[in-house]
Amino acid sequence: MFSCFLGTTIYQSCPTNCRQTVVRQHSENETNCIAKEKLEAFLQDRVTFKVGISAFYQADPKILEKFIWESSDHLELITYYLYISDPTTVREIIESFSDHTLSYLFKSDFMTFLNVKDSTKRDRSIKHMFQVKSYRYWTFISYQRICDLIVYFVRELKLPEYACQFIVILPSNIVSNLKKYTSLTFEEEKSLYTALGDSIFELPIQSPKIYGHMIQLFAEEPEVYFVLETMEELIRRQEKILDTSEKLIEYTANHRIDLSIQFIFSELNGMDLGIAAEILNQLLEKNRITISQKSLVLDFLETGNLDILRPLRSDLIL
């Protein structure tokens, strides 16, 4: 029975500091690590779950990459560990993988999601795979790493239909400046958005600042351009909602609630009531205000009656 350089056998869990020790003390990691053997043993039911997942957590990512490519069973095991792990725990592992391996993992996840969705007629409220708990680890990967993967799918693999799936988890400020983060060419960027299908028209609503750029991109594509043109008023409205919400969320995070409420009043006063209501909903979702505070602010904006503010003062005191 052989053991690793730290003295653990194939039947024992890897020490919690193993990876750091290997990196610090050895240049030939695989020579001194038996994580792959432990993973193989778990697949063969020769070691416990604890031993198998400890090997996954402590192995050098290069070992895991080679393991993934060896068979479909290996891929299934690694994705299983990713699904059940805390995303913050596996983030470092995932970000260390090459674009080649990450694209392989994502294609596998996405196809599994589509197959399950079709066979079980999933809840229609699930609009994209990242809402499913098993795949949430993708949402913890750094935005730049996601952008790198988008480029790989579009430029190297010519598969924009996979790359476009990531747009929904990128912040609007990145989507609005995608060229800066990806270096995609004009045609590559257009292929990325086109791959969205009908969802292409949801993109400027999600990220209004990209609207002008999309108008330019699709100037020679009448079927897209004319629909985008009709959306201008809606996009401007959404941009106002998002910009004001962001401003208020930032202010309320750094000030007392009484000052925050005053600031909210001053920013929303005179604004269209529908827009103000949507902005307040954003604040409510971020737990910056309570439901009662939202109702009182709306009542004040609608009536202008200062007497309405009396219960608000009591609410603030409590």
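Throughout, read-outs are computed from the coordinates displayed, never taken from laboratory work. This one's a predicted model, so the numbers in the text were calculated from it and none came from an experiment. When we count neighbours, we look across all protein chains shown, and the Cβ atoms used for this are built from the backbone with ideal geometry, even at glycine.
For the reader, a short list of remarks on this structure follows.
- Selection among 234, 49, 114 by position relative to the dipole of the chain gives 49 as farthest towards the positive end (Cβ unit charges, Cα centre).
- The residue list 200, 14, 61 was ranked by how far each Cα lies along the charge dipole of the chain toward its positive end, using unit charges on Cβ atoms, and 14 comes out on top.
- Under the combined filter of DSSP loop state and at most 15 neighbouring Cβ atoms within 10 Å, the range 197-240 retains these GluC sites (Glu not before Pro): 202, 220.
- The range 39-143, dipole about Cα centre (Lys/Arg Cβ +1, Asp/Glu Cβ -1), debye to the nearest 20: 540 debye
- Taking 16 Å as the straight-line reach from the Cα of residue 286, the aspartates and glutamates in range (excluding those fewer than 8 positions away in the same chain) are 243, 246, 250, 278.
- Prolate/oblate/rounded label for the range 210-305 (Cα gyration tensor, a/c 1.5): prolate
- Taking the Cα centre of the chain as reference, the dipole from Cβ charges on Lys and Arg (+1) and Asp and Glu (-1) amounts to some 980 debye.
- Anisotropy class of the range 168-218 from Cα gyration tensor, a/c 1.5 cut: rounded
- Inter-site label distance for residue 50 and residue 232 at 7 Å from Cα along Cβ, in nm: 6.7 nm
- With loop membership from DSSP and a limit of 15 other Cβ atoms within 10 Å, the longest segment of the chain without trypsin sites (Lys or Arg not before Pro) is 159-255.
- Figure legend: label point modelled 7 angstrom from the Cα of residue 243 along Cα→Cβ; residues of the range 270-287 with amide N under 16 Å from it are 271-272, 275-276, 279.
- Dipole of the chain computed with +1 at Lys/Arg Cβ and -1 at Asp/Glu Cβ about the Cα centre; of 131, 280, 93, farthest Cα towards the positive end is 93.
- With 29 Å as the limit on Cα-Cα distance, the pairs of 38/133; 190/240; 62/117 that go past it are 62/117.
- Cα gyration tensor shape for the range 177-247, rounded if a/c is under 1.5, else prolate or oblate: oblate
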